[in-house]
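Mind having a look at this structure? Questions to follow.
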Amino acid sequence: MKNPVTLTLEGLRKEPYASILCYPKGDENELENRIKELDMHGVATVEFAGKGGAFNVPVLGKGYVGIVVVAQRYSQRLALKIRRVDADREDLQHEAKMLAKANCAGVGPTFVDASKNFLLMQLIEGELLPAWLDANKEKNTVRQVLAEILEQCWHLDLLGLDHGELSKAPKHVIIDQCQQPWIVDFETSSDTRKPTNVTAICQYLRMSGGHVAKGVSEVLGERNRVEVISALRSYKKDQTRESLDKVVQACLH
Ligand SMILES: Nc1ncnc2c1ncn2[C@@H]1O[C@H](COP(=O)(O)OP(=O)(O)OP(=O)(O)O)[C@@H](O)[C@H]1O
Ligand SMILES: [Mg+2]
């Protein structure tokens, strides 16, 4: 992996950075348009650093829709999601709208700005949930962080916003240095679909049998499957604080 580097917009014309801005491959025209678009956002520099990688360059993260890096604008460090040229999305406007809506419930990184190919938002520095769980085995801390994730999912349910990717969320929850969890990536979110965030995240954390579910069981002990299912069933009916508390009780105690 190459060393972390901070580049001005001019520096983005050089490879391999040009190909990251237009991942996996763009022409001269696409590159110039994207540099102009970044300039319009007031982005001064882009930082290539982090645990992810694209073309051997470190980045914060890489998915099927975008590559996320750090951008500086007006001396503020922000997360910049760059739309992949081969993404099956025309633009990042829907994601921007969904993120801004999630923010109304106090969930997700704060939305800053968006255009066709870029989304600027609050930078979350921390660990993805699976890595965080590998490194944190203290019962109360794990319980507190997971309860806060459920709480955020409840707020999204009440708002009527379905995240869409929480039943398999290894890359969609980041825990920051203050042990605060953040739900990211609202590109498959919907405010018309019935929201099932609490059910989906419980499924992922306690029932899926995957790496994270095993890690949670290691720290909190085995859950009572019947109790979890019954609590989720009641929660589905009314989504009250009381029902949520029962889900938290069944899943995390
Ligand atoms: N605001 C942020 N601050 C810091 N890192 C972030 C932020 N948003 C996303 N990331 C990192 O970038 C990764 C990719 O982002 P995101 O999930 O939005 O991309 P994606 O292309 O939609 O991914 P996928 O194909 O998995 O849905 C995340 O898993 C996370 O590690
Ligand atoms: Mg996504």
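The values are calculated or read from the model by the stated rules, or taken from the named source; none is laboratory data. The structure displayed is predicted, hence computed values, not measured ones. Cβ atoms come from the backbone with ideal geometry, glycine included; neighbour counts cover every protein chain shown. In case anyone asks, the SASA skips ligands and DNA or RNA and just uses the protein heavy atoms, side chains included. Shrake-Rupley method; radii C 1.70, N 1.55, O 1.52, S 1.80 Å.
Within segment 31-87, count every residue that is buried (at least 21 other Cβ atoms within 10 Å of the Cβ) and among the charged types (D, E, K, R).
Going through segment 31-87 one residue at a time, the tally reaches 4.
Looking at segment 218-229, is at least one residue more than 25 Å from LEU128 (Cβ to Cβ), small (Gly, Ala, Ser), away from ligand 2 (no atom under 16 Å from the Cβ) and over 18 Å from the mean Cα position of the chain (by Cα)?
No, that holds for no residue.
So is GLU47 acidic (Asp, Glu) and touching a residue at least 12 places away in the same chain (Cβ under 8 Å) or not?
Taking the combined requirement at face value, the residue satisfies it.
Among the residues of segment 18-30, write down those that are in contact with a helix residue (DSSP H, G or I) (Cβ under 7 Å, 6 or more places away or on another chain), in contact (Cβ under 8 Å) with a residue 24 or more places away in the chain and open to solvent by less than 30 Å² (accessible area, probe 1.4 Å).
Within segment 18-30, LEU21, CYS22 qualify.
Of the residues that make up segment 221-240, is at least one among the hydroxyl-bearing types (Ser, Thr, Tyr), touching a helix residue (DSSP H, G or I) at 6+ places or on another chain (Cβ under 6 Å) and over 30 Å from ASP88 (Cβ atoms)?
Yes: segment 221-240 contains one or more residues that are among the hydroxyl-bearing types (Ser, Thr, Tyr), touching a helix residue (DSSP H, G or I) at 6+ places or on another chain (Cβ under 6 Å) and over 30 Å from ASP88 (Cβ atoms).
Limited to segment 69-101, what total is found for residues that are in contact with a His (Cβ under 9 Å, 6 or more places away or on another chain) and more than 12 Å from ligand 1 (Cβ to nearest atom)?
Within segment 69-101, residues that are in contact with a His (Cβ under 9 Å, 6 or more places away or on another chain) and more than 12 Å from ligand 1 (Cβ to nearest atom) number 1.
One residue is enough: does segment 53-68 have a residue meeting the conditions modelled with pLDDT of 95 or more, hydroxyl-bearing (Ser, Thr, Tyr) and within 11 Å of ligand 1 (Cβ to nearest atom)?
Yes.
Please enumerate the residues belonging to segment 151-162 that are more than 26 Å from ASN136 (Cα to Cα), out of contact with any Lys or Arg (no Cβ under 7 Å at 6 or more places or on another chain) and either among the acidic types (Asp, Glu) or open to solvent by 60 Å² or more (accessible area, probe 1.4 Å) (or both).
ASP157, LEU158
Now a separate question. Taking segment 163-188 as the search range and keeping residues that are in contact with an Asp or Glu (Cβ under 8 Å, 6 or more places away or on another chain) and open to solvent by 50 Å² or more (accessible area, probe 1.4 Å), which one is nearest to ligand 1 (Cβ to nearest atom)?
LYS171
Of the residues that make up segment 33-41, is at least one closer than 20 Å to VAL5 by Cβ, at pLDDT 95 or above and over 24 Å from the mean Cα position of the chain (by Cα)?
Looking for residues that are closer than 20 Å to VAL5 by Cβ, at pLDDT 95 or above and over 24 Å from the mean Cα position of the chain (by Cα), one finds at least one in segment 33-41, hence yes.
Against the definition (more than 15 Å from ligand 2 (Cβ to nearest atom), of a type in the set (A, V, I, L, M) and either within 18 Å of GLU125 (Cα to Cα) or in a loop (DSSP other than H, G, I, E, B) (or both)), how does VAL68 come out, yes or no?
Here the answer is no, as VAL68 does not meet what is asked.
Still on this structure, please answer the following. Regarding segment 3-13, can at least one residue be identified that is of a type in the set (A, V, I, L, M), on the phi < 0 side of the Ramachandran plot, in contact (Cβ under 8 Å) with a residue 24 or more places away in the chain and assigned to a helix (DSSP H, G or I)?
Yes - at least one qualifying residue is present in segment 3-13.
With the structure loaded, tell me whether VAL142 is buried (at least 17 other Cβ atoms within 10 Å of the Cβ) and within 22 Å of HIS211 (Cα to Cα) or whether it fails that test.
So VAL142 passes the test.
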